[in-house]
Amino acid sequence: MMFDPTVFDNLKVAFENQLYDLDTLDRKIDIINRIDRMEMAVMSREFALQFRLAGRSAVSAEVQLSSSLKDLAAEILEWKGETPSCSLRLRFVMKLHQIDEQCEQIEQIMMRIWEPDAPPTQTISYVYGAPNSMYTNVIELAFSRKINEEQMDDIEGLVNHMLQTLTKLEELSKSE
């Protein structure tokens, strides 16, 4: 019997190819973290690559793929009426000083570049009692539909949008 990779595996490899080429060959990004997890308690899978623009450190980006037990079972057991797919989420992390002003600018940048169905979620946190209050903003874009191998050709464009977003957010972080 031959092993047939899942949609999750194929998409994971496609993202790895794009992002590692940008790191090692093109030197446009630095990959700073990688997560490749199988959650045994709920039998789900998660893959994430975190990166930032080469030589820059103010903003990081993360592409995250996840597949639930239901997603994997539907594919492996070939359930009728189910299309094998994964969830995709994008995350950007940066530091802020002026929350109201910068969050509004971030939302405008995200809406202009991504034109999402729903506005991005911005989650602000800080360390209580730390001097020079610096806030961390985690900006998330979730997609309303799952992805599969039919979107394989869209990965390069998605990564280019992420690079464009990183560039604009870097510019914003330097302008304060």
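Given R₀ = 45 Å, what would the calculated FRET efficiency be for HIS97 paired with SER68, taking r from the Cβ atoms and rounding to 0.05? All intermediate terms of the calculation are to be shown ahead of the outcome.
Values: r = 38 Å, r/R0 = 0.85.
After rounding to 0.05, the efficiency reads 0.70.
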Once you list every other residue whose beta carbon is under 13 Å from the beta carbon of LEU53, what net charge do they have if Lys and Arg are +1 and Asp and Glu are -1? +1
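Give me the accessible area per residue for the chain, probe 1.4 Å, as a whole number in Å². Kindly include the intermediate steps, with their values, before the conclusion.
On the way: 10430 Å² over 176 residues.
Solvent-accessible surface per residue comes out at 59 Å².
Could you work out the helix-only [θ] at 222 nm for the chain, with each DSSP H run of four or more residues adding -39,500 (n - 2.57) and the total divided by the number of residues, to the nearest 500 deg cm²/dmol?
Numbers: 4 runs with 58 residues, N = 176.
Calculated at 222 nm, the ellipticity per residue is -10500 deg cm²/dmol.
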Rounded tilt (10° steps) of 7-20 against the dominant C-alpha axis of the chain: 40 degrees
Extent along principal axes [Cα atoms of the range 1-149; Å; largest to smallest]: 60, 34, 33
Electrostatic dipole magnitude of the chain [Cβ: Lys, Arg +1; Asp, Glu -1; Cα centre; debye, to 20]: 480 debye
The range 1-46 and the range 102-169 have their Cα centres apart by a whole-number Å value of 20 Å
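What FRET efficiency comes out for HIS161 versus ILE124 if R0 is 22 angstrom and r is the Cβ-Cβ distance? Round to the nearest 0.05. Walk me through the numbers before you get to the answer.
Numbers: r = 23 Å, r/R0 = 1.07.
With R0 = 22 Å, the Cβ-Cβ based efficiency is 0.40.
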Give the residue from GLY81, MET94, TRP114 lying farthest towards the positive end of the charge dipole for the range 79-119; charges sit on Cβ (+1 for Lys and Arg, -1 for Asp and Glu) and the dipole is referred to the Cα centre. GLY81
Which value in nm describes the separation of the simple spin-label points at ASP21 and GLU82, placed 7 Å from the Cα toward the beta carbon? 3.3 nm
In whole percent, how big is the carbon plus sulfur part of the accessible area of the range 3-125, probe 1.4 Å, protein atoms only? 48 percent
Under the Karplus relation with 6.51, -1.76 and 1.60 and θ = phi - 60°, whole-Hz ³J(HN,Hα) for the range 99-108, x at Gly and Pro, equal 4, 4, 5, 6, 5, 5, 5, 4, 4, 5
Two decimals, Cα atoms only, Kirkwood Rh: what is Rg/Rh over the range 15-71? 1.09
Loop chymotrypsin sites (Phe, Trp or Tyr not before Pro), the range 78-170 (other Cβ atoms within 10 Å of the site Cβ: 10 or fewer; DSSP): TYR128
Got the relative contact order for the chain handy, in percent, Cα pairs under 8 Å and 6 or more residues apart? 22 percent
Report, please, the projected area of the range 41-113 averaged over directions, based on the convex hull of its C-alpha atoms, in nm². 7.9 nm²
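The values are calculated or read from the model by the stated rules, or taken from the named source; none is laboratory data. From a predicted model like this one, the values you see are computed outputs, not experimental measurements. Ideal geometry is used to build each Cβ from the backbone, glycine not excepted, and the neighbour counts take in all protein chains shown. Please note that ligands, DNA and RNA were not included when accessible areas were found on the heavy atoms of the full protein model with its side chains. Shrake-Rupley method; radii C 1.70, N 1.55, O 1.52, S 1.80 Å.
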